[in-house]
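Following: one structure in C-alpha cells, then a few remarks.
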Ligand SMILES: Nc1ncnc2c1ncn2[C@@H]1O[C@H](COP(=O)(O)OP(=O)(O)O)[C@@H](O)[C@H]1O
Ligand SMILES: [Mg+2]
C-alpha cells in the first residue's frame, strides 16, 4: 500500500545553511504522527516544503504515490495535502459557520456567490455545521463572531477550515501554540478523534500533548531525521534524550 505522504531526500538550503537535510520519511494512511525536535531543527521548514509554500533544493514529495514536488501549493491542496494557516483578519467579523461554508464552497469549486446570502447555500452550510459540531462547537459558538470566541476555539476554526477541504493529509504546525493549558488538551484530543480517512502530521513542542496524541514520532535535529518510532521507543532513545537534554523529563512515563 502507498503511504499517504512520503519524502525522499528532501533538502532545503538557505544560502550556505542547510535547514532540511536529506529527509526521507513516510506518513501511513490514517497516521497520527508527531514531528518533534529542538527549536530551529527545521520542522516548520519541512512543513513548508511538504505544502509547497517553499520550493525544495533537492528531493521529492510524494502524495499517495504521486510525485507532487513540482506542483504549486494550491494544486497540492486540490490533491488532498492541506496545512492550517492562521486565520486572517478577513474572518474576524464572520461566524465560524460562515467561514467554513465559504471553505466548503471553495472546495466544490463554486466560490461563493457573494451577493447571495450564505443561507441559500443550504447543502454547503449543512456540511459546515456538521463539521463544526464534530469539532465540538456549540450552535452559539458556530454562529458567533469569530473575534469574540476564546483563543482555543479560533485555533479549532483554523483546523475546521482545513478539514472543509477534505484533506487526505493534514499538516498541523503547533495548533495549540498560545492556547491556555485547559483548552490545548481539548484541541489535541479533538484532532486525535478525527476520522481515520485523514493522516495527520503534528508539530508540537509540549511533550505531554505529543505523547497523548501520537502513535509514531519522528525526531528532527539539525535538519535531519534523528530517530523515528513509537512514543515508548522514542522516549528511551539515547540520542533523542541527549538532543533534548532535560526537556524529555516532562514526558509521561512510558
Ligand atoms: N527563510 C529563511 N531564511 C533563512 N533561514 C531560515 C529561513 N527559514 C528558516 N530558517 C532557518 O532554518 C532553521 C530551521 O528553522 P525552522 O524550520 O523554523 O525550525 P523549527 O520549526 O524546527 O523551530 C533555523 O535555523 C532558521 O533560522
Ligand atoms: Mg517551527
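Just so it is clear, none of the values below were taken in a lab; they were calculated from the coordinates. Because the structure is a prediction, the values reported are computed rather than measured. Cβ coordinates were reconstructed from backbone atoms using ideal geometry, including for glycine residues, and neighbour counts include every protein chain displayed.
How large are Rg and Dmax for the stretch 1-95 when only the alpha carbon atoms are used, in Å?
14.5, 45
Which one of 167, 181, 117 has the biggest mean-square fluctuation once the chain is modelled by GNM with Cα springs under 10 Å?
Comparing 167, 181, 117 in the GNM, the peak value goes to 117.
By count of other Cβ within 10 Å, fewest leading, how are 74, 121, 205 ordered?
Least to most surrounded, the residues fall as 74, 205, 121.
What does the helix-only formula give at 222 nm for the chain: each DSSP H stretch with n ≥ 4 adding -39500 (n - 2.57), the total divided by the residues, and the result rounded to the nearest 500 deg cm²/dmol?
Calculated at 222 nm, the ellipticity per residue is -10000 deg cm²/dmol.
If R₀ is 22 angstrom, what is the calculated FRET efficiency for the pair residue 144 and residue 186, using the beta carbon separation as r and rounding to 0.05?
Result of the calculation: an efficiency of 0.80.
What is the spin-label model distance, in nm, from residue 2 to residue 123 if the labels are put 7 Å beyond Cα along the C-beta direction?
2.7
Starting with the highest mean, order 230-239, 194-203 by the number of other Cβ atoms within 10 Å, averaged over the residues of each peptide.
Going from most to least packed, we get 194-203, 230-239.
So how far, in whole Å, is the C-alpha centre of the stretch 162-240 from the one of the stretch 1-47?
So the separation of the two Cα centres works out to 13 Å.
Multiply the residue separation of residue 165 and residue 222 by 0.36 nm, subtract the distance between their alpha-carbon atoms, and state the gained length in nm to one decimal.
Contour length minus the Cα-Cα distance gives 17.2 nm.
Could the peptides 54-60, 212-218 be put in order, highest first, of the mean number of other beta-carbon atoms found within 10 Å of their residues?
Peptide ranking by packing, descending: 212-218, 54-60.
When the convex hull of the C-alpha atoms of the chain is computed, what volume per residue in Å³ does it have?
133
Using the count of nearby Cβ atoms within 10 Å as a rough guide to exposure, how do 73, 207 rank from fewest to most?
Ranking 73, 207 by Cβ neighbours within 10 Å, fewest first, gives 73, 207.
So how do 242, 141 line up by other beta-carbon neighbours within 10 Å, fewest first?
Going from least to most buried by this count: 242, 141.
Restricting the count to DSSP beta bridges whose residues both fall in the chain, what percent are antiparallel, rounded to a multiple of 5?
55
Note down the nm distance, to one decimal, between modelled labels 7 Å out along Cα→Cβ at residue 239 and at residue 79.
Going by the 7 Å Cα→Cβ label model, 3.0 nm.
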